[in-house]
Amino acid sequence: MDPKAHWESVYSTKSPTAVSWFQPEARLSLDLITAVAADRAARILDVGGGASRLVDGLLDAGYSQVTVLDIAEPALRHARTRLGERAVRVTWRAADILATEFAPGSVDVWHDRAVFHFLTEPHARRRYVGQVRRALSPAGIVIVATFADDGPLRCSGLDVARYSAEGLHGEFGDDFQLLRSEREEHRTPSGAVQAFTYCLCRGPGRSPQR
């Protein structure tokens, strides 16, 4: 399965408000970000942000350096159209999170709601964590949300990995400090309830230069 073709097909054939992960407002994600990023110039990366409305909330809150990354260009196009003139205030990246290049220390807050749980192979998860380690600024913040361990087994026709807070934190390693975890009962547009696990971690600091 080609991930890019799969997700571009999803966003080319379905309304962004009809997909199961749609949120009218990304309230929990926004609350977590604002709790740890008082500086509105913080460099925020929304991984798999696609057509999510989190970017709307971040702009409303005054954040000035927001990047939305998604493998599906149609998803980003939906978001840019929705934002209208405000879209120019956002950096848009159509890219595979496992393959794209990041400048070291270029992200202060890494946010991902529902990309990581599609990485069912250990090597893909290791690659993802390596990307976080490279991109994150010293002691930056990582917020990752996945299906909880009692959540769905599949999403959008794909298998997923499910996590408790302890299991999700364990994928990143002990040098990521778990600051907070949350459980979210997400109601889909069709009325189903899906359980999500959120982990907020402080990333590893850089060793002092000698």
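The values are calculated or read from the model by the stated rules, or taken from the named source; none is laboratory data. It should be emphasised that the depicted structure is a prediction, and the values quoted were computed from it without experimental measurement. Virtual Cβ from ideal backbone geometry, glycine too; neighbours counted across all protein chains shown. All accessible areas refer to the heavy atoms of the entire protein, side chains included, with ligands and DNA or RNA removed. Shrake-Rupley method; radii C 1.70, N 1.55, O 1.52, S 1.80 Å.
For this structure, a couple of remarks:
- Test for Phe196: is it in contact (Cβ under 8 Å) with a residue 12 or more places away in the chain and either open to solvent by 20 Å² or more (accessible area, probe 1.4 Å) or farther than 20 Å from Arg27 by Cβ (or both): no
- Test for Asp96: is it surrounded by fewer than 16 Cβ atoms within 10 Å (Cβ to Cβ) and within 21 Å of Phe172 (Cα to Cα): yes
- Some residue of the range 196-206 being polar (S, T, N, Q), out of contact with any helix residue (DSSP H, G or I) (no Cβ under 6 Å at 6 or more places or on another chain) and closer than 22 Å to Ile97 by Cβ: no
- Matching residues in the range 63-83 - criterion: being out of contact with any helix residue (DSSP H, G or I) (no Cβ under 9 Å at 6 or more places or on another chain) and open to solvent by 40 Å² or more (accessible area, probe 1.4 Å): Gln65
- Strands (runs of 3 or more DSSP E) within the range 63-167 that include 3 or more residues in contact with an Asp or Glu (Cβ under 6 Å, 6 or more places away or on another chain): 136-147
The rows are residues; the columns are (1) more than 15 Å from the chain's Cα centre (by Cα); (2) within 22 Å of Gln23 (Cβ to Cβ); (3) surrounded by 15 or more Cβ atoms within 10 Å (Cβ to Cβ); (4) among the β-branched types (Val, Ile, Thr).
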{"site": "Asp112", "(1), (2), (3), (4)": "no, yes, yes, no"}
{"site": "Pro138", "(1), (2), (3), (4)": "yes, no, no, no"}
{"site": "Val142", "(1), (2), (3), (4)": "no, yes, yes, yes"}
{"site": "Phe147", "(1), (2), (3), (4)": "no, yes, yes, no"}
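- Being within 24 Å of Lys14 (Cα to Cα), open to solvent by less than 60 Å² (accessible area, probe 1.4 Å) and under 16 Å from the mean Cα position of the chain (by Cα) is a description that does not apply to Phe172.
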